Amino acid sequence: MRVVGLISGTSADGIDAALIELSGPPAQPQVTLLAGQTFPYAPDLQRTIWAVCAGEALTLERLATLDDAIAEAFAQAAIAIQQQLPAQLIGSHGQTVYHRPRGSLEGPSATIPQALAYSLQLGRGDGIAHRTGLPTVANFRQADISFGGEGAPLVPAVDAVLLRHPTQWRCVQNIGGIGNLTYLPPAGSPDPVLGWD
C-alpha cells in the first residue's frame, strides 16, 4: 500500500511530505521511501500561523478559515508528492498551533484532571480528503492525550519498526518542539517498547 504522510513542526517552516510503500505483516512492516520533500508555507499563511501560535486572538470564523487554509496547503503537498505514483491513503499530523503540557493547570479553574495535556492541530483531515479524493487519517494526538501522553503516539511505534535491534537495548531521542524518548528493548525481549514525551 502506498501512503502519503504529512506533518509540519512547531517551526511552521513548511509541510514535510513523504510517499512510502508499506508491505509485509502489520507487526513487522517493510517501509520503502518513494519520495520526500518539504513544501514551504506561503509567507502570509506562515505569518498567520506564527501569530496564532504566539497567542493572537481569533474569532471562530477566522479560526475555521485558517484551518481550511492549512488543510489546502497540506492537500497541495499531498498532490505534489504523488507526481510519479498515486497513493491509496493519507496520514496527516496537521499543524500544531497550541500545546499545553500535562500538569500545567493551576488554581481553582483546574477542573480537568492535571494528568491531561491539551493540543490543537489545524489542517482538517476531512478538507484534505475532499481536496485529494483519498481517505485521510488525522487527529492522531487525542487518543494519546486521553491515556496521559503529550500527544506524540506515532514516535515509539515508528522507532520500534525502524530502529529496534535484535540483541541490543536502545533509547532514541527525538528533539523537536516536544522531545520524545523511546525505550527499545531487544526484538526478542519480553520487555515492552515504552515512549515518553
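For the reader, a short list of remarks on this structure follows.
- Scan of region 1-19 for residues that are open to solvent by 60 Å² or more (accessible area, probe 1.4 Å) and either of a type outside the set (A, V, I, L, M) or free of Cβ contacts under 8 Å to residues at least 12 places away in the same chain (or both), ordered by number: 10, 11, 13, 16
Matching residues to (1) modelled with pLDDT under 95; (2) surrounded by 13 or more Cβ atoms within 10 Å (Cβ to Cβ); (3) of a type in the set (Ser, Thr, Tyr):
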residue	(1), (2), (3)
30	yes, no, no
48	no, yes, yes
67	no, yes, no
78	no, yes, no
88	no, no, no
102	yes, yes, no
112	yes, no, no
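- Failed item, numbered, when residue 27 is tested on (1) over 12 Å from residue 74 (Cα atoms); (2) among the aliphatic types (A, V, I, L, M); (3) touching a strand residue (DSSP E or B) at 6+ places or on another chain (Cβ under 7 Å): (3)
- Matching option when the condition is at pLDDT below 95, in a strand (DSSP E or B) and open to solvent by less than 80 Å² (accessible area, probe 1.4 Å), among 22, 34: 22
- Contact annotation: residue pairs with Cβ atoms under 7 Å, 6 or more positions apart or on different chains, pairing a residue in region 172-189 that is free of Cβ contacts under 8 Å to residues at least 40 places away in the same chain and open to solvent by less than 30 Å² (accessible area, probe 1.4 Å) with a partner that is part of a loop (DSSP other than H, G, I, E, B) and of a type in the set (D, E, K, R), are 180/197; 184/164; 185/191.
- Region 120-139, subset modelled with pLDDT of 95 or more and at positive phi, residue least open to solvent (accessible area, probe 1.4 Å): 123
The values are calculated or read from the model by the stated rules, or taken from the named source; none is laboratory data. Note that the structure is predicted; figures quoted are calculated from it, not measured. Glycine gets a Cβ as well: all are built from the backbone with ideal geometry, and neighbour counts include every protein chain shown. The protein model used for the area step is the full one, side chains on, heavy atoms only, and it has no ligands, DNA or RNA in it. Shrake-Rupley method; radii C 1.70, N 1.55, O 1.52, S 1.80 Å.
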